[in-house]
Each structure stands twice: as structure tokens, then as C-alpha cells.
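Everything on this sheet refers to the single structure shown next.
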Amino acid sequence: MSLDSPAVDAHAVDSQALFRYVLRLGDLSLVLGQRLGEWVGHSPAVEEDLGVANIALDLIGQARLLLTYAGEVEGRGRDEDKLAYLREQDAYFNAILAEQPNGDFGQTIVRQVLIDAFQLELYERMTNSLDVRLAAIAAKSVKEVRYHLRYSSGWLVRLGDGTEESHARVHTALELLWPYTVELFAEDDLDRLMADSGIAPRLSEVRDAWMQRIEAILTEATLKLPKDRPHAWHGKRGQHSEHLGYILAEMQYLQRAYPDARW
Amino acid sequence: MEDKRQWPLYEVFIRARGGLDHKHVGSLHAADARMAIDHARDLYTRRQEGVSIWVVPSKAIVASDPTETDSLFEPARDKIYRHPTFYEIPDEVKTL
């Protein structure tokens, strides 16, 4: 079991389905990493500049492993770069929480806590995946994500249990972003197929663990758990908010303007 | 009174690997000790520089007075017999 293990073996799951599922994981990391990168040079302190950039680079690293694997599963000769730089918006399958704007530092931190806790619970379980490649990627990523959550939850507690203004700001951000978390756990046919095949954990199980973790963090941060509201987000199926287009425009500009450029 | 607009300063010490001493590597600003550890991890161990971090509030460090340099350090200058340079070291001794 290693990071360059060959594709799925024991179980014969449809490769197109696996391809799309791996992109869901990879795109979540890629888009969130790209978003975090926007803070570089703009963070509240030089120490945070490096902290946020480190997390962004971890996420891009995860995306590279996952997109490379997705390309191999697809078997049409697309590598990580082709998948990252030359896919249209509707072929991106990240949950749209990842593409939501940074807002102020508090809003970035709220988004980060919600996704870090999700990735942590997901990857912890995925280390047992029957897909040895995904299990290896999860084993590497879970160590990174554990630190990401330490960092983000530390900040959320500081801000939530901080001044009146910092509390109000993260409260507003939490209310704003909470509805998007529903999509992370909304199980569709693809999620079900992956869970049935032993490739991915059951999302309901991930959600229970995630909720426990989030509740504990929010309590410490003196923040109230928002109420669930109906949602109509389908980023995991390629239907995105208006924000993703801008992210991709910036991220893909160079490869589209100068195809196959290298340096 | 402490200036609340600026995070206090911490000194950072990193142990490169088991068995070695923690070495001073620099300083950083942080709101408290936990944040100082996080910042030290992010600033000073990005290239696998260490396996352990110490952070110490800079204000907890007591330094010698530069104006006393003469009286503190000069007297040791002519006592070369304190340097163990007169011993023959056997070839078998690799680490000393």
C-alpha cells in the first residue's frame, strides 16, 4: 500500500464512477487550497500568512495525488495538470462550500473548520478503504488535516470567545456558511456505490462524527449551532455557485493562454 | 502596561532530532503559548527542521548587560589552560 499503488484491484467498480468520486475529493482540496492562497500577502499577521499558506499547500498536495489517481482511473491520458487546468466549471465536483469567498479572516476560519472536520472524519475512515491507493492517500492526508483542524478550531475558539466584535463576525459567518454543509453529507447514488463497495465510508457515519466534533468546538467558542435549512446545492454534480468561475479563470489562465507552458 | 495591539514576543527553540539540544532559531509574535507553538511549527519546521519545539516568552529571558562585557568575559581570555587542547586524543575515540 503506497501512494503510487496501481488502481483498484479486488473490487471491480465502474471506472467512470470511481473517476468522478475521486474528483469530488480532489476538487474539494484543490478549490479550497486555491481559495486559501488568496490570503498570501494579506493575512492579519505575517505568522498567519505562513500558517494559511502551509494549509493551502497541503491541500494542493492532496489534490495532486487525487487528480493524478483520477486520471489513471479514467485511462484517457489526462494527468493532474490536465485535470486541474483544462476542465470546465461543470466538470468540477467539489461541494460548493469550498468555493465560497474568503470574506474576513473569521469567515475563512469558519469555512476551514467545517471542511477540516469533514476531511478529518472522512480520511480517518478511508484509511481502511478497499481501494489501496485511496487508503494510502487518506493515511498521508489525515496527518495534515489533523493539524489544519487544530489551527482552524484554535482560531474559531479565539474569535468566538474573544471580543464582542470578533464573536459577532464569526457568528454571522457561521450562519452564512452553515447551509452549505448539508451538501457535504447529502448522499447520492455515487456516494452510496462507493460506500457499498467498501471504497468510501458511509456519509451518515461521517456526519455523526463531524457533528460531535463541531458541537464541541462551537461550545468552546461560545457559538450556537445553526439550524439546518433546506439546500439546493449540487456542486458534487458539477452545478456550482457563481464563485467557482472566477477561481478557475485565475487558476487556469496561464495554461489556457499558453497551452503546455512549463517553467 | 502591556500593549494589547501587538501580540507578545516568543523565542523559539527547535530540537533537530532525538538526542540533540534544543537550539534557538528565532522569535515570533503570538497571542499565547499555544498559538506560539502553532506559529513556530509553521515558520520554523517547514523544511523538516525539527522533532520538538520549545517556546519561551521573550520577556522571561534575562540577558547579561552588554556594558558589563569586559568584566564578565575578558577575565577568561588569558586562561588558555581551561581549553582541553593539551590532551592527545586516541584515534579510536570518534565522538568527543
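Quick note: the coordinates plus some simple rules give every number you see, no bench work behind them. Computed from a predicted structure; not experimentally measured. Positions of Cβ are generated from backbone atoms using ideal geometry, with glycine treated the same way; all protein chains shown enter the neighbour counts.
Computed from the C-alpha gyration tensor, the three semi-axes of the ellipsoid equivalent to the protein assembly as shown are 45, 28, 19 Å, from longest to shortest.
Placing unit charges on the Cβ atoms of the charged side chains and taking the dipole of segment A:134-247 about its Cα centre, the candidate lying farthest along the positive direction among A:239, A:134, A:168 is A:134. Comparing B:59, B:23, B:79 in a Gaussian network model of chain B where C-alpha atoms under 10 Å apart are linked, the largest mean-square fluctuation is found at B:79. In order along segment B:53-58, the Karplus-derived 3J(HN,Hα) couplings, from 6.51 cos²θ - 1.76 cosθ + 1.60 at θ = phi - 60°, round to 10, 10, 10, 9, x, 4 Hz, and Gly and Pro are given as x. List nothing, just return the count: lysine pairs in the protein assembly as shown, 8 or more apart or interchain, with Cα separation under 26 Å. Step by step, the pairs that qualify in the protein assembly as shown add up to 9. I need the shape label for segment B:9-82. Rule: rounded when a/c is under 1.5, else prolate if a/b > b/c, else oblate, with a, b, c from the alpha carbon gyration tensor. Since a/c reaches 1.5 but b/c is at least a/b, the shape of segment B:9-82 is classed as oblate. Put simply, segment A:146-197 fits an ellipsoid with semi-axes of 32, 15, 5 Å; these come from the alpha carbon gyration tensor as the roots of five times its eigenvalues, largest first. Listed from fewest to most Cβ neighbours within 10 Å, the set A:172, A:108, B:67 follows the order B:67, A:172, A:108. Peptide A:151-161 has a mean of 2 when you count, residue by residue, the C-beta atoms of other protein chains within 10 Å of its C-beta. If one computes the Cα centroid of segment A:84-127 and of segment A:163-220, what distance in Å separates the two points? Between the Cα centres of segment A:84-127 and segment A:163-220 lies a distance of 11 Å. In chain B, the DSSP-assigned H stretches of four residues or longer account for a calculated mean residue ellipticity at 222 nm of -5000 deg cm²/dmol, using -39500 (n - 2.57) per stretch and the full residue count as denominator.
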